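Beneath this line is the structure, given in structure tokens, with notes to follow.
The values are calculated or read from the model by the stated rules, or taken from the named source; none is laboratory data. This is a predicted model, so every value here is computed, not measured. Cβ coordinates were reconstructed from backbone atoms using ideal geometry, including for glycine residues, and neighbour counts include every protein chain displayed.
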Amino acid sequence: MGLTGTGHTGMGHTGEMRWGFVPRRLTRKQRGEMAEAAFLAVAAALGMCVAKPWGESSRYDLVVDTGRQLLRVQVKSAHRANEYGGYTFHATGNSSRVYKADEIDVLVAYVVPVGAWYLFPVEEFRKYKSMKLFPESRRRRSKFEKFREAWWILGVETP
């Protein structure tokens, strides 16, 4: 279970929104903004300082200050699993060009229904155009599972 996820989807019995629930009426852009906001909430809870660059022309979404360096972070999210329980993340922007080391430092993948976070250093994902993650599967394991909840990549010690 992720730091923010409850493992539940939908509305609570009192009508409150729960982590993992995303109304279908949201646009792709709104879902991306929601994932960025969720990352900001977790980062703040972990004591990180996060900044949002002005405008939309950067290849990264956020900047994280580790105390020793500034890291450019690109946040991706997935909202539905495929038939085998896998969630696909593309290591590309709108141009379908894979992110490069001079553009971002960390790719963060948020599996919304599960509340699971995966943090990839640029060296790991730059050789892939997409990654498939299986956070709930007992039969299928992703080679990327070692990056699940890998907040240490951002210089954070977690309990």
Could you please find all residues in the range 78-87 being surrounded by 12 or more Cβ atoms within 10 Å (Cβ to Cβ), under 12 Å from Pro113 (Cβ atoms) and not aliphatic (A, V, I, L, M)?
His79, Gly85, Tyr87
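Could you list, in sequence order, the residues of the range 61-77 that are at pLDDT 90 or above, of a type outside the set (Lys, Arg) and either over 17 Å from Val122 (Cβ atoms) or buried (at least 19 other Cβ atoms within 10 Å of the Cβ) (or both)? So that I can check it myself, show each step before the final result.
Initially, the range 61-77 is screened for residues at pLDDT 90 or above, giving 61-65, 69-77.
Filter once more, so that each one left must be of a type outside the set (Lys, Arg): 61-65, 69-71, 73-75, 77.
Of everything in the range 61-77, those that are at pLDDT 90 or above, of a type outside the set (Lys, Arg) and either over 17 Å from Val122 (Cβ atoms) or buried (at least 19 other Cβ atoms within 10 Å of the Cβ) (or both) turn out to be Asp61, Leu62, Val64, Asp65, Leu71, Val73, Gln74, Val75, Ser77.
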Could you list all residues from the range 39-90 that are within 16 Å of the chain's Cα centre (by Cα), under 18 Å from Leu133 (Cβ atoms) and of a type in the set (Phe, Trp, Tyr)?
Phe39, Tyr87, Phe89
Every pair of residues 6+ apart whose Cβ atoms lie under 9 Å, when the first sits in the range 39-63 and is under 19 Å from Thr92 (Cα atoms) while the second is assigned to a helix (DSSP H, G or I) and aromatic (Phe, Trp, Tyr):
Asp61/Phe39; Leu62/Phe39
Within the range 22-36, the count of residues that are loosely packed, with under 11 Cβ neighbours inside 10 Å and modelled with pLDDT of 90 or more comes to 0
Mind checking whether some residue in the range 96-103 is more than 26 Å from Ser57 (Cβ to Cβ) and surrounded by 18 or more Cβ atoms within 10 Å (Cβ to Cβ)?
no
